[in-house]
1. Quick one: what pairs do we get from segment 363-388, first residue under 19 Å from F220 (Cα atoms) and open to solvent by less than 10 Å² (accessible area, probe 1.4 Å), second among the β-branched types (V, I, T) and modelled with pLDDT under 85, C-beta under 6 Å, 6+ apart or different chains?
2. Have a look at G284, G350 and point out the one that is modelled with pLDDT of 85 or more and more than 22 Å from the chain's Cα centre (by Cα).
3. Applying the selection to segment 264-275, what residues are in contact (Cβ under 8 Å) with a residue 12 or more places away in the chain and either open to solvent by less than 10 Å² (accessible area, probe 1.4 Å) or over 17 Å from S56 (Cα atoms) (or both)?
4. Could you give me the residue pairs with C-beta distances under 7 Å whose first residue belongs to segment 218-247 and is in a strand (DSSP E or B) and of a type in the set (S, T, N, Q), whose second residue is open to solvent by 20 Å² or more (accessible area, probe 1.4 Å) and modelled with pLDDT under 80 wherever it lies, and which are 6+ apart or on separate chains?
5. Looking at segment 353-371, can you tell me whether even one residue there is closer than 21 Å to F67 by Cβ and part of a helix (DSSP H, G or I)?
6. Give L12, L96 a once-over and let me know the one that is open to solvent by 10 Å² or more (accessible area, probe 1.4 Å), at pLDDT below 85 and farther than 18 Å from L249 by Cβ.
7. Residues of segment 76-93 being open to solvent by less than 10 Å² (accessible area, probe 1.4 Å) and part of a helix (DSSP H, G or I), which ones?
8. Search segment 164-189 for residues that are touching a residue at least 24 places away in the same chain (Cβ under 8 Å) and pair each with any residue that is part of a helix (DSSP H, G or I) and open to solvent by 80 Å² or more (accessible area, probe 1.4 Å) when their beta-carbon atoms are under 6 Å apart and the residues are at least 6 apart or on different chains.
Amino acid sequence: MYHNSTIPVSSLKPMSSKEEEATKIDSWTVWAIGVGSAMGGVFFGWEFVLYGGFISGLFAVIYAAIFYLLYARVITELSVRYQSSGGSFDFVMDALGIRPAIVVAIMNVLKLICANAATALAISSYLMEAGLPTKYKYLVWIGIYGAFTTLDCIGIKQSAIAQVFATLLCIGIVLFYVSSNLTIFKASNLLTIPDGSGKLSTLYLFFKGLPFAVQFFDGFEEMPLLFSYTKNAEQTMPAAINACYVTILTIALGVIVSAAASAKADELFNSDAPLMVGIEAVYGAGSTVANVVAYLIVVGLLTNFFAFIVYTSQQVQAIAEANLFPRLLAYREVSYGAPVVASICSMVVGLFVTAIFEVLLGEEAAQNTLLMASIFPSMICYLLVLQCMVEIRRVEEKGKQSLGLFTQRELRTLGYTTVVKFYVKDAVTRSRIAQGMVVVLMIALLMLAFQSFDYTYGLLVFAVLAVIFYLFMS
């Protein structure tokens, strides 16, 4: 079962170290993909964090920021320690064993496929907001899945310049949005409560909005999947993760403050394209500026979409390499290491999921359902990845008492080397605090599911698909 995802699975002659290094990406591209993977949460889904008003929403974002700060430190050490591109699946496989790894495999695949489908629906929503006829949305889904799967099959290195440019464009869009909203900034809006919420408990409203704060950060934690693609990864990955976190936190605070002060929360709730509420309030609905911004936001969503396409194929390939999926999915193209078969199969499944949920539920309900179906498995993955750090420290302590004598299983837990260049202090305490925060997020998600049929469907979808995947993998 044990594997190392940095080794290409191919019948052809492997690359030399010099040739392999030439196919890798630099820190700018790693940062760009990491930020791009979280940008989808900036363009849709986050608005519901304002269920209890701005103050409640701000505390929810701060809560999410603290959790992801703790989590970022943990995944940084794990990525350097295990040095593989299997991400959380490899971490759990090496630290905790095969059974927890199967759970993570199921959770990660569900999360990534459902997140891709939700983003595809958001892209078509923004295009329709800009005037695209509804009948073309199916062609939009086929086009974006096809285009970005092709890029993934060609190789990340080949699309590196476009990825950095697209992420910088996304940041420019957010800056334009924030600066535009400042022209209609009303401090009094920050103290208003959404209609119908005045009689509800403030704590209840905080919990109701808390899961949507995760939207701002969701995706960047998958950055370790890029490890084997990265130049000087042991130094580059920690720096890229830290820079990505700071960038995303800054964007999240800018968006929530400017949005809450320039528009009523109810207007944001009723829009499939929340950023357009502020833009249309400033420049007018249907104006040239509003239409251009809508199309540019689509570019931002495409950046997020491409990052998740890359993450999905990497994860599926790593799972197949561990013989939990058909071995054919483990194939990597020999010259640049792209997981071609995994990428194509993920595209087919993603298109099916996008279409079937939109047909059955409608666009808005399908987005909500898919968001829940992607967020909840993320929480389970977080719990298990954080447990990896607890187990590593336990083995290290045992090694001190046994004068450095380890079993083969313990050596696997310790990873690539027993001495790593990035070491988290007080890791057990940090991990336990973060696990407690995850439990609170899971409770908030369950509370939300009991209040909305869309989110209840999301939990049911998650449960049914998880069982199907488990039966398939076992």
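The values are calculated or read from the model by the stated rules, or taken from the named source; none is laboratory data. This is a predicted model, so every value here is computed, not measured. Neighbour counts are summed over all protein chains in view; Cβ atoms, including those assigned to glycine, are modelled from backbone coordinates with ideal geometry. SASA here: full protein model, heavy atoms, side chains in, ligands and nucleic acids out. Shrake-Rupley method; radii C 1.70, N 1.55, O 1.52, S 1.80 Å.
1. A373/V461
2. Of G284, G350, the one residue that is modelled with pLDDT of 85 or more and more than 22 Å from the chain's Cα centre (by Cα) is G284.
3. L268, S271, D272, A273, P274, L275
4. Short answer, once both residue conditions are applied: T230/K24.
5. Looking through segment 353-371, at least one residue is closer than 21 Å to F67 by Cβ and part of a helix (DSSP H, G or I).
6. It is L12.
7. T76, E77, L78, S79, V80, R81, G87, F89, D90, F91, V92, M93
8. Going by the 6 Å Cβ cut-off, the qualifying pairs are V164/W28.
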